[in-house]
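This report concerns only the one structure given below.
The values are calculated or read from the model by the stated rules, or taken from the named source; none is laboratory data. All figures in this text were calculated on a predicted structure; none of them were measured in a lab. With ideal geometry, Cβ positions are generated from the backbone for all residues, glycine too; neighbour counts draw on all protein chains shown.
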Amino acid sequence: MTASALPTVLDLAPVVPVVVIDDAADAVPLARALVAGGLPAIEVTLRTPAALDAIRAIAAEVPDAVVGAGTVISADGVDAAVAAGARFLVSPGWTDRLLDAMQASGVPFLPGVSTTSEVVALLERGVSEMKFFPAQAAGGTAYLKSLAGPLPQARFCPTGGISLASAGSYLALRNVGCVGGTWMLPADAIAAKEWARVETLAAEAAALRDRVS
């Protein structure tokens, strides 16, 4: 898939795994398990020293993955992530400087919002696709549903506190394109390198779209 053919991040898959990688050697087998389970969009958060190496490895060795960078909070982070091979960017929040850098990056991005004013400010800047974070703490499905009336042009990827049990209620909302989550990435499975277990959990998550369509 070429960069020009990359669909909107919100439409790649119903669930975007939010990955924290401590050991870059785990990146490729983990990504392969997620892709095999039906989750090709993989957000590797820039929270660990291994993150950029993990993005490079996935970009180079897992061609069916669409690897992105999460927890992007600076212009330098934007540049480093794109240089490493990130094909989309996700931030927990945004500033004008960060938004300028993401818009100039040439890759799709989801700036984070948690208030109506932030949504309106992004719409004013020509951005209609956003991350809603922290989803559960910021009002959950009730908040997002209330935004759909006055701000129908805004679409969201809610992330933060979402589980397999609650993901379907988010995906049923007309202004939600996908959700971000970590439940398909249990720490004990990654520590034990149980990639088949990750694939099974990913397949379960990928099937959520069919349940609410």
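The figures follow:
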| item | result |
| --- | --- |
| One residue from Gly85, Gly93 being within 16 Å of the chain's Cα centre (by Cα), exposed (fewer than 14 other Cβ atoms within 10 Å of the Cβ) and of a type outside the set (S, T, N, Q) | Gly93 |
| Condition met for Arg197 (assigned to a helix (DSSP H, G or I), modelled with pLDDT under 95, over 18 Å from the mean Cα position of the chain (by Cα) and surrounded by fewer than 18 Cβ atoms within 10 Å (Cβ to Cβ)) | no |
| Some residue of region 172-192 being closer than 17 Å to Val20 by Cα, part of a loop (DSSP other than H, G, I, E, B) and either of a type in the set (Gly, Ala, Ser) or touching a Gly at 6+ places or on another chain (Cβ under 6 Å) (or both) | yes |
| Residue within region 50-58 that is basic (Lys, Arg) and closer than 24 Å to Gly160 by Cα present | no |
| For Thr200: the one exception among (1) touching a residue at least 60 places away in the same chain (Cβ under 8 Å); (2) closer than 28 Å to Asp76 by Cα; (3) among the polar types (S, T, N, Q) | (2) |
| Residue list for region 88-104, restricted to those being in contact (Cβ under 8 Å) with a residue 40 or more places away in the chain and aliphatic (A, V, I, L, M) | Val90 |
| Selection count, region 93-130, where residues are outside any helix (DSSP H, G or I), among the hydrophobic types (A, V, I, L, M, F, W, C) and closer than 15 Å to Gly77 by Cα | 4 |
| Among the candidates Ala135, Ala189, residue that is surrounded by 15 or more Cβ atoms within 10 Å (Cβ to Cβ) and more than 19 Å from the chain's Cα centre (by Cα) | Ala189 |
| Complete set of residues in region 1-59 that are in a helix (DSSP H, G or I) and modelled with pLDDT under 95 | Ala3, Ser4, Ala5, Val9, Leu10, Asp11 |
| Residues being on the phi > 0 side of the Ramachandran plot and buried (at least 18 other Cβ atoms within 10 Å of the Cβ) - total across region 148-177 | 1 |
| So Lys145, is it more than 13 Å from Val16 (Cα to Cα), modelled with pLDDT of 95 or more, basic (Lys, Arg) and surrounded by 16 or more Cβ atoms within 10 Å (Cβ to Cβ) | yes |
| Residues of region 151-167 satisfying the condition of being touching a residue at least 24 places away in the same chain (Cβ under 8 Å) and not in a helix (DSSP H, G or I) | Leu151, Gln153, Ala154, Arg155, Phe156, Cys157, Pro158, Thr159, Gly160, Gly161, Ile162 |
